[in-house]
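Participant: Here it is, the structure in full.
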Amino acid sequence: MYEGVNASEGIGIGTVVVAVEPDLSFEPHSVEDTDAEKARYKAALDVFCEKTQAQADRMKVTVGENEAEIMSGHIMLAQDPGLVDGISTAIDGGMCAEQALVETATMFENMFLSMDDEMFRLRAADIADIRTGILAELLGREVVDLSVLPAGSIVVVHDLTPSMTATIDKENVAGIVTEVGGRTSHSAIIARALEIPAVLSVPNACGALLNGMTAVVDGINGHVIPDPDEAMLSDYRERAEAFAAEKRALEAYRGKPTVTADGDKKTLACNIGNPEDAKGAVDHDCEAIGLFRSEFLFMDATSLPSEEEQFEAYRKVAVTLKGAPVIIRTLDVGGDKEIPYMKLQKEENPFMGYRAVRYCLDNPDEYKVQLRALLRASAFGDIKIMVPLVTCVEELRQVKELVEQCKTELREEGYKFDENIEVGIMMETAAAANIADILAKEAAFFSIGTNDLTGYTMASDRGNDKVAYLYSWYYPAVLRAIKNIIVNGVKEGIMVGMCGEAAADPLLTPLLISWGMEEFSVSAPSVLKTRKAISQWSKADADALEAEVMQLTTAEEVKAALEGAAR
Ligand code: PEP
Ligand code: MG
């Protein structure tokens, strides 16, 4: 058995097809007629863009609009002036088009790879994909085409690029195995959207798995089983059937209200990273947006997005949600979220440094651009402003003061906006959890960010393997922090939600119900699963379990008790 990253759930059983990547080697040579060489590059670029557009159009139908945007993004990236000018300058210097492309694109790829943030590593993969596509055009070679595979194929490939994924015929591919890539790579995102089981980052998969061999791709546990015997095959067939049955059963929760077993209404919201995600969230049956991470708008740009650009993005989400609540978090820069053009200084301890609301309040003119855009967009739907990384009430007061200044300006300029726009906060620091009673008196709502709250409470960096065992919300310290936040918010009568990953953990659901949490904000594919988890618990049952669990002293005991009670 080989182990890898479980990137797309499900169990695929089929026949291995190792996809061989084309030979894109060439002899670098110097050119004299640089204009002709630039025209040759332009022609290859145009064909690449045409083919990519055709793939995007096909994907819109076969996979979905959001995923098609990844391909449209490739066209924009290929036509990016930075890349195009760089290649042109290299050709002017006498380089052949192939070499100019490879050197310039590789320079951009390395630049993105050197950044810590996941988003930029995705960008690096996109650049590499574009480089392969245009180079294949220049050399007249075909890139891997996965649209003509026999039914029941297990595709094994070094790296499944977004453009390869776009050619996949979902009906014929039972599973995907790659040698590189993580859970958040674009390929993983597309594999999940196609609902094809995928295990990524299996070392030497292309050498170990042979054409024609039977294999099982267990995308739930991240296992690949080559040449399974009859007993294993029948075991996996049963597991595949159980997985499919569970998915079919979840469909019963589509279009239904989110209620506890005793009829208490909750809100099931989605987390999104860009305006395009909003449609996917609605398609997955969400009732609101509980977190729009606005920093992705800033990360996807090469300079600060203007008020107009931000306004358009926020308005689009508000309109897509047709009046349902949309919580937009103001810029959460710093820590693990680097935005290169903002040129923040390197810090010894960036997670405790100059970031999020701290940066924004220190740069009020920049912050006001975002607040004005949010206010203007509030005329088109139910937008709420959320402040990240709050540690003291002074920060909330200062933000509210800036919001009032922006309102005055916009009123004078004749803009419409929601006069009563709510300003709430992310509860994601140990400090905020400790003063939840104070903050609840001045914040319009709380949203618990367990991703950071767990790290700050346990003083454990989840990126550090050596201390990862401490990064768990089953520790009594984290549970008490969450409880304190919810109980104090409820006492003050404000809405309390959770937008960290813990909101989608069904083991925690009874505790959150017991404490009175109102909104669960999860990733789009977790909507139905979370609605089901909520429907399993009445307040009385949840309270009984809470009383038992909160007596326990270790994370292991807590998890075991929650697992024992799971429904
Ligand atoms: C969180 O910290 O839980 C959260 C939702 O924010 P992010 O993951 O963007 O830091
Ligand atoms: Mg956070």
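Participant: Scan (1) open to solvent by 40 Å² or more (accessible area, probe 1.4 Å); (2) more than 12 Å from ligand 1 (Cβ to nearest atom) for the single condition residue 399 breaks and write down its number.
Facilitator: (1)
Participant: Further question on the same structure: Among (1) away from ligand 2 (no atom under 16 Å from the Cβ); (2) aliphatic (A, V, I, L, M); (3) surrounded by 13 or more Cβ atoms within 10 Å (Cβ to Cβ), there is one condition residue 252 misses while meeting the rest; what is its number?
Facilitator: Evaluating residue 252 over (1) away from ligand 2 (no atom under 16 Å from the Cβ); (2) aliphatic (A, V, I, L, M); (3) surrounded by 13 or more Cβ atoms within 10 Å (Cβ to Cβ) leaves (3) as the failure.
Participant: Another question, then. Taking the conditions exactly as written (over 28 Å from residue 278 (Cβ atoms) and among the hydroxyl-bearing types (Ser, Thr, Tyr)), does residue 456 satisfy them or not? Lay out the reasoning, then the answer.
Facilitator: On the way: over 28 Å from residue 278 (Cβ atoms): yes; among the hydroxyl-bearing types (Ser, Thr, Tyr): yes.
Criteria met by residue 456.
Participant: Might you check whether a residue that is outside any helix (DSSP H, G or I), of a type outside the set (Phe, Trp, Tyr) and open to solvent by less than 30 Å² (accessible area, probe 1.4 Å) occurs anywhere in the range 21-37? Before you say what the answer is, go through the steps one by one.
Facilitator: Pass one, the range 21-37, residues outside any helix (DSSP H, G or I): 21-33.
If we keep only those that are of a type outside the set (Phe, Trp, Tyr) as well, we get 21-25, 27-33.
Going one step further and asking which of them are open to solvent by less than 30 Å² (accessible area, probe 1.4 Å), we end up with 31.
Yes, that holds for at least one residue.
Participant: Something else now. From the residues in the range 376-392 that are of a type in the set (A, V, I, L, M, F, W, C) and assigned to a helix (DSSP H, G or I), which one is nearest to ligand 2 (Cβ to nearest atom)? Steps first, please.
Facilitator: Within the range 376-392, the first condition is being of a type in the set (A, V, I, L, M, F, W, C), and the residues that meet it are 377, 379-380, 383, 385-387, 389-390, 392.
Restricting the remaining residues to those that are assigned to a helix (DSSP H, G or I) gives 377, 379-380.
Values: 377: 22, 379: 28, 380: 27 Å.
Per the stated criteria, the residue is 377.
Participant: Hey, another quick one. Say whether the condition of being farther than 21 Å from residue 34 by Cα, in contact with a His (Cβ under 6 Å, 6 or more places away or on another chain) and either outside the structural domain of residue 297 (by TED's automatic domain parsing) or not hydrophobic (A, V, I, L, M, F, W, C) (or both) is met by at least one residue in the range 107-114.
Facilitator: Here is the first cut: in the range 107-114, the ones farther than 21 Å from residue 34 by Cα are 107-114.
Narrowing the set further to residues that are in contact with a His (Cβ under 6 Å, 6 or more places away or on another chain) leaves none.
No, the range 107-114 contains no residue that is farther than 21 Å from residue 34 by Cα, in contact with a His (Cβ under 6 Å, 6 or more places away or on another chain) and either outside the structural domain of residue 297 (by TED's automatic domain parsing) or not hydrophobic (A, V, I, L, M, F, W, C) (or both).
Participant: Got a number for residues in the range 462-502 being buried (at least 17 other Cβ atoms within 10 Å of the Cβ), part of a loop (DSSP other than H, G, I, E, B) and within 16 Å of ligand 2 (Cβ to nearest atom)?
Facilitator: 4
Participant: Confirm whether residue 533 is surrounded by 19 or more Cβ atoms within 10 Å (Cβ to Cβ), within 16 Å of ligand 2 (Cβ to nearest atom) and either basic (Lys, Arg) or under 19 Å from residue 256 (Cα atoms) (or both). Working first, answer last.
Facilitator: Numbers: surrounded by 19 or more Cβ atoms within 10 Å (Cβ to Cβ): yes; within 16 Å of ligand 2 (Cβ to nearest atom): no; either basic (Lys, Arg) or under 19 Å from residue 256 (Cα atoms) (or both): yes.
No, not satisfied.
Participant: Run residue 337 past the list (1) touching a Pro at 6+ places or on another chain (Cβ under 6 Å); (2) within 16 Å of ligand 2 (Cβ to nearest atom) and report the number of the one that doesn't hold.
Facilitator: Unmet condition: (1).
Participant: So, in the range 267-302, how many residues would count as being under 23 Å from residue 513 (Cα atoms) and open to solvent by 10 Å² or more (accessible area, probe 1.4 Å)?
Facilitator: Result for the range 267-302: 6.
Participant: Also, I was wondering about something else. For residue 410, indicate whether it is under 23 Å from residue 307 (Cβ atoms), among the hydrophobic types (A, V, I, L, M, F, W, C) and either within 16 Å of ligand 2 (Cβ to nearest atom) or touching a Cys at 6+ places or on another chain (Cβ under 9 Å) (or both). First the steps, then the outcome.
Facilitator: Numbers: under 23 Å from residue 307 (Cβ atoms): yes; among the hydrophobic types (A, V, I, L, M, F, W, C): yes; either within 16 Å of ligand 2 (Cβ to nearest atom) or touching a Cys at 6+ places or on another chain (Cβ under 9 Å) (or both): no.
In short, no.
Participant: Okay, moving on. What pairs come up if the first residue lies in the range 441-465 and is without any contact (Cβ under 8 Å) to a residue 24 or more places away in the chain, the second is within 15 Å of ligand 1 (Cβ to nearest atom) and open to solvent by less than 50 Å² (accessible area, probe 1.4 Å), and their beta carbons are under 7 Å apart, counting only those six or more places apart or on different chains?
Facilitator: Listed pairs, sorted by first residue: 458/471; 458/478; 460/471; 462/455; 462/471.
Participant: Quick one: which of 307, 312 is open to solvent by 60 Å² or more (accessible area, probe 1.4 Å) and either at pLDDT 95 or above or in contact with a His (Cβ under 6 Å, 6 or more places away or on another chain) (or both)?
Facilitator: On the way: 307 fails: open to solvent by 60 Å² or more (accessible area, probe 1.4 Å).
Answer to the check: 312.
Participant: Which of the residues belonging to the range 432-461 are of a type outside the set (D, E, K, R), more than 16 Å from ligand 2 (Cβ to nearest atom) and more than 13 Å from residue 485 (Cβ to Cβ)?
Facilitator: Matches in the range 432-461: 444 only.
Participant: Right, here's the next one. Filtering the range 332-360 down to residues that are touching a Phe, Trp or Tyr at 6+ places or on another chain (Cβ under 6 Å) and part of a loop (DSSP other than H, G, I, E, B), which residue is nearest to ligand 1 (Cβ to nearest atom)?
Facilitator: Taking the candidates together, the pick is 335.
Participant: Now for a different question. Any residue in the range 160-172 that is within 16 Å of residue 219 (Cα to Cα) and either at pLDDT below 75 or open to solvent by 20 Å² or more (accessible area, probe 1.4 Å) (or both)? Don't jump to the end; show me each part of the working.
Facilitator: Keep residues of the range 160-172 that are within 16 Å of residue 219 (Cα to Cα), which gives 160, 170.
Remaining after also requiring either at pLDDT below 75 or open to solvent by 20 Å² or more (accessible area, probe 1.4 Å) (or both): 170.
Checked the range 160-172: at least one residue is within 16 Å of residue 219 (Cα to Cα) and either at pLDDT below 75 or open to solvent by 20 Å² or more (accessible area, probe 1.4 Å) (or both).
Participant: Using the structure shown, decide if residue 410 is surrounded by fewer than 21 Cβ atoms within 10 Å (Cβ to Cβ) and more than 12 Å from ligand 1 (Cβ to nearest atom).
Facilitator: Considered against the rule, which asks whether it is surrounded by fewer than 21 Cβ atoms within 10 Å (Cβ to Cβ) and more than 12 Å from ligand 1 (Cβ to nearest atom), residue 410 comes out as yes.
Participant: Given (1) in contact with a helix residue (DSSP H, G or I) (Cβ under 8 Å, 6 or more places away or on another chain); (2) open to solvent by 50 Å² or more (accessible area, probe 1.4 Å), where does residue 238 come up short, assuming only one miss?
Facilitator: For residue 238, the exception is condition (1).
Participant: If you scan the range 516-525, which residues turn out to be modelled with pLDDT of 95 or more and surrounded by fewer than 21 Cβ atoms within 10 Å (Cβ to Cβ)?
Facilitator: 516, 518
Participant: Can you name every residue in the range 429-452 that is within 14 Å of ligand 1 (Cβ to nearest atom), touching a strand residue (DSSP E or B) at 6+ places or on another chain (Cβ under 7 Å) and either part of a loop (DSSP other than H, G, I, E, B) or not assigned by TED's automatic domain parsing to the domain that holds residue 479 (or both)?
Facilitator: 449
Participant: Only one of these is touching a residue at least 24 places away in the same chain (Cβ under 8 Å), assigned to a helix (DSSP H, G or I) and open to solvent by 10 Å² or more (accessible area, probe 1.4 Å): 548, 563. Name it.
Facilitator: Result: 563 is the single residue among 548, 563 that is touching a residue at least 24 places away in the same chain (Cβ under 8 Å), assigned to a helix (DSSP H, G or I) and open to solvent by 10 Å² or more (accessible area, probe 1.4 Å).
Participant: Can you tell me which residue is nearest to residue 125 (Cα to Cα) among those in the range 173-188 that are open to solvent by 10 Å² or more (accessible area, probe 1.4 Å) and touching a Gly at 6+ places or on another chain (Cβ under 7 Å)?
Facilitator: Among them, the one singled out is 187.
The values are calculated or read from the model by the stated rules, or taken from the named source; none is laboratory data. Everything numeric in this text was worked out from a predicted model, so none of it was measured. Heads up, the Cβs are rebuilt from the backbone with ideal geometry, glycines too, and the neighbour counts pull from every protein chain shown. These area figures cover heavy atoms from the full protein model, side chains too; ligands, DNA and RNA do not enter into them. Shrake-Rupley method; radii C 1.70, N 1.55, O 1.52, S 1.80 Å.
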